[in-house]
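Data first, discussion second: the structure below is written as structure tokens.
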């Protein structure tokens, strides 16, 4: 193995050691065309944390039917939600905004914030090298997943440690834990959801909580994701005053023939009009930022299917995205994890 040295960038040669923060999220293709989406899916679906099946079985499937047909369909979905003025996905826009806005909050402590994606660009490796080049010898890795899963938090940290493995001079590292029922997260969600509900021109008969799904076998092997989703929804129901009937828990984005966590969001939503529930809102508390799974899978596909099934209104409640609540939350979480590295200082309040 060849080890590399990341030298300090111009202007940072004589700066004292610094603390840095690296925000990471899942990732995004660079464009909506077949080639860009295929490259992204190939990287994503080659991750052994995502697909645990033997490569001898999975690779022929992946490089056969999956990467032949799926890029076109996924590209169409990305095109529907793409930020065409910036030529990038919403997830990239919001993650950049979060990093820049958090950096402003931490500027007084001289803490730079970088951002990277587990799959696609900019990479976690690039973000890590950026912080080291700025003189950071202590770095907090902050995967932006409220609920832990080996398929999300763990693989993001894996990628950071792969980059660290090649560095001759490694910074000290901390990792942000999941925050499924952290009071700051639940409070931010509750405020955001309630504010959005008040803008609707109808009163939802039900507020469906949709989390990204996970194969049941992963949970049976010990992944804590399902329990953490349950903790989030229990805490959110409590703070908003809803019961399980008014705010049911569902799981979306099933891929492949295996059993995933249930109930599945799509058929659950489609069954509601027959029960007299024709106006609903959908929240996605497993996502910090809106992305293809929220904007297209729920906002477009599930919304259309709900109407076809006899529903009248489906409102997708936005994620925290780049709102003041989002940045307050990130500052709170980051400052907690930097305790002992930073002088104690309360997070800013925005009213």
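The values are calculated or read from the model by the stated rules, or taken from the named source; none is laboratory data. The shown structure was predicted, so the numbers you read here are calculated from the model rather than taken from an experiment. A quick note on method: Cβ atoms are made from the backbone with ideal geometry, for glycine too, and the neighbour counts reach across all protein chains shown.
Remarks
- Condition check for residue 100 on (1) under 19 Å from the mean Cα position of the chain (by Cα); (2) surrounded by fewer than 17 Cβ atoms within 10 Å (Cβ to Cβ); (3) over 27 Å from residue 154 (Cα atoms): one failure, at (3).
- Residues in region 68-79 that are in contact with a helix residue (DSSP H, G or I) (Cβ under 8 Å, 6 or more places away or on another chain) and loosely packed, with under 14 Cβ neighbours inside 10 Å: 72 only.
- When the helices (runs of 4 or more DSSP H) confined to region 1-106 are screened for residues that are over 26 Å from residue 218 (Cβ atoms), those reaching at least 1 such residues are found at 34-45, 67-81, 90-106.
- Among the residues making up region 150-176, a single one is within 19 Å of residue 336 (Cα to Cα), under 14 Å from the mean Cα position of the chain (by Cα) and in contact (Cβ under 8 Å) with a residue 40 or more places away in the chain: 176.
- Candidates 124, 207, 173, 186 - the one that is farther than 30 Å from residue 279 by Cβ and crowded, with 20+ Cβ neighbours inside 10 Å: 124
- Lone qualifier among 321, 300 - being more than 17 Å from the chain's Cα centre (by Cα) and either touching a residue at least 60 places away in the same chain (Cβ under 8 Å) or over 25 Å from residue 82 (Cβ atoms) (or both): 300
- Residues of region 329-348 that are in contact with a helix residue (DSSP H, G or I) (Cβ under 7 Å, 6 or more places away or on another chain), farther than 20 Å from residue 171 by Cβ and either modelled with pLDDT under 95 or part of a loop (DSSP other than H, G, I, E, B) (or both): 345, 347, 348.
- Filter pass, residue 166 being surrounded by fewer than 19 Cβ atoms within 10 Å (Cβ to Cβ) and touching a strand residue (DSSP E or B) at 6+ places or on another chain (Cβ under 6 Å): yes
- The requirement of being touching a strand residue (DSSP E or B) at 6+ places or on another chain (Cβ under 7 Å), within 28 Å of residue 223 (Cα to Cα) and either in a loop (DSSP other than H, G, I, E, B) or touching a residue at least 24 places away in the same chain (Cβ under 8 Å) (or both) is not satisfied by residue 114.
- Of the criteria (1) within 22 Å of the chain's Cα centre (by Cα); (2) part of a helix (DSSP H, G or I), which one residue 274 fails: (1)
- Some residue of region 233-244 being within 28 Å of residue 28 (Cβ to Cβ) and not in a loop (DSSP other than H, G, I, E, B): yes
- Restricting region 255-276 to residues that are in contact (Cβ under 8 Å) with a residue 60 or more places away in the chain and in contact with a helix residue (DSSP H, G or I) (Cβ under 9 Å, 6 or more places away or on another chain), the residue that is surrounded by the fewest Cβ atoms within 10 Å (Cβ to Cβ) is 272.
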